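Working notes, structure below.
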Amino acid sequence: MTVCGRGQWSSSAAGPAVAVIEGGRRRGKEEKEGKERQEHREGLGSEVNPSHSNMTDSAKLHQPHPPPKGERSHAGDFSYVGIDAILEQMRRKAMKQGFELNIMVVGQSGLGKSTLMNTLFKSKVSRKSAQPNPEEKIPQTIEIKSISHDIEEKGVRMKLAVIDTPGFGDQINNENCWKPIMKFINDQYEAYLQEEINIDRKKRIPDSRVHCCIYFIPPTGHCLRPLDVEFMRRLSKVVNIVPVIAKADTLTLEERDDFKQTIREELRANGIDVYPQKEFDEDAEDRLINDKIREMIPFAVVGSDQEYQVNGKKILGRKTKWGTIEVENIAHCEFAYLRDLLIRTHMQNIKDITGSIHYEMYRVRRLNESNAGPGLAPGQAPTLVPAHTNGQTKVNGGPPNGMAAQCEVLTHEM
């Protein structure tokens, strides 16, 4: 036996005995203290005034609620603050408000625009345009139609507006046929702006702005038509454009790949920046994801709202004597990639770019026109005058605006 210090022994034989003795002493002390606390509580309880019993009831109301099923309780975590609960709050608020999405479809007649929209949302959200009789004259102007639908899936509500443009590209002379579409897009920006600048404006401004324009390219297999180039060149500055090759099942896989490569080269050569725009990638992760999407553009799609049974599974497709073309099978077409981009992965980003980039460009231009003075004719774009004001730009003597320098590039042409 070796003495290690006052009151401490070190011995292989004595160790267990000492532990038992010390344990018994601690238990006896704890039992004594527990008995004293119990007697103290009972003494206080007998002296409590009945009128104070409501205090316990009100205190119960302010007790924290148990966490929802499936969520971890943080009751014993001293360092937990609860900042992450904001995500659940935002989710509940968004579920109550619902979502809005406005999609425009542009392309000449017979390319399956309505069918593709019905396939995207698995609902009759777009009606096929009535085909005129041979005796009827082709309309001389583009008629823009907007149809709204309320869609709900698993408790999530969305107000969908599908904007169709029958008559586009159907004329012998299609010069300036993009102008009515440009005017419609700008009119929606103007309506939103007028609601914004009202003194007594609505708590939630109705959003009729066009968030995305799906442009249908005929499956010629050769190259873009001058009409395609001119439309996308002008409209890409004011709206998110997603080009698709319509009725891609009319091309072989080799023809499809060659056609897609030709279109990408023509888009680059003409300075057409379709969605997702490289300059708006937020970080390296976004750039990596969006680069893969940019390599697929334009999407070669097939639309169908007809259901068939294939190997015991219900599918959407087009039946031919050679077999069934499955719309959602990525080996057959790229419809699934388009659907994921528009709905499942990039919907919010599409809306954000509409609000923070395209609409902001329009708002800046309109406000600059208002501040430009009486010498500016209606519809005339203001002249940019560089001024050394903390790196910002003044417009016609107006207040400095950090975004005005981009107006010249992203101007909303009329």
| request: Give region 150-172 a look and list any residue that's among the acidic types (Asp, Glu) and in contact (Cβ under 8 Å) with a residue 24 or more places away in the chain, or say none. | output: Asp164, Asp170
| field | For Val242: the one exception among (1) outside any strand (DSSP E or B); (2) open to solvent by less than 60 Å² (accessible area, probe 1.4 Å); (3) closer than 30 Å to Gly323 by Cβ | value | (1)
| request: Could you give me the residue pairs with C-beta distances under 8 Å whose first residue belongs to region 310-336 and is without any contact (Cβ under 8 Å) to a residue 12 or more places away in the chain, whose second residue is open to solvent by 30 Å² or more (accessible area, probe 1.4 Å) wherever it lies, and which are 6+ apart or on separate chains? | output: Lys314/Glu307; Lys314/Tyr308; Ile330/Tyr337; Ala336/Glu328; Ala336/Asn329; Ala336/Ile330
| First in region 274-299 and free of Cβ contacts under 8 Å to residues at least 40 places away in the same chain and closer than 20 Å to Ile214 by Cα, second anywhere and part of a loop (DSSP other than H, G, I, E, B) and open to solvent by 10 Å² or more (accessible area, probe 1.4 Å), Cβ under 6 Å, 6 or more apart | Asn290/Asp281
| task | State all residues of region 219-249 that are farther than 17 Å from Gln108 by Cα and polar (S, T, N, Q); if no residue qualifies, say none. | result | Ser236, Asn240
| task | Scan region 94-109 for residues that are open to solvent by 10 Å² or more (accessible area, probe 1.4 Å), in contact (Cβ under 8 Å) with a residue 24 or more places away in the chain and farther than 19 Å from Asn349 by Cα and report the count. | result | 2
| Is it fair to say Asp305 is within 21 Å of His211 (Cα to Cα) and modelled with pLDDT under 95? | no
| request: Go through region 197-218 and give me each residue that's buried (at least 21 other Cβ atoms within 10 Å of the Cβ) and out of contact with any strand residue (DSSP E or B) (no Cβ under 7 Å at 6 or more places or on another chain). | output: none
| note | Out of (1) modelled with pLDDT under 95; (2) open to solvent by 40 Å² or more (accessible area, probe 1.4 Å); (3) within 22 Å of the chain's Cα centre (by Cα), the one Met296 does not meet is (1)
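Residue-by-condition table, conditions (1) open to solvent by 30 Å² or more (accessible area, probe 1.4 Å); (2) farther than 28 Å from Pro180 by Cα:
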{"residue": "Thr220", "(1), (2)": "yes, no"}
{"residue": "Leu224", "(1), (2)": "no, no"}
{"residue": "Arg264", "(1), (2)": "yes, no"}
{"residue": "Tyr275", "(1), (2)": "no, no"}
{"residue": "Asp305", "(1), (2)": "yes, yes"}
{"residue": "Gln309", "(1), (2)": "yes, yes"}
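The values are calculated or read from the model by the stated rules, or taken from the named source; none is laboratory data. Only a predicted model underlies this, so the values are computations on that prediction, with no experimental measurement involved. Backbone-built Cβ (ideal geometry, glycine too); neighbour counts: all protein chains shown. Heads up: the accessible areas ignore ligands, DNA and RNA and are worked out on the full protein's heavy atoms, side chains in. Shrake-Rupley method; radii C 1.70, N 1.55, O 1.52, S 1.80 Å.
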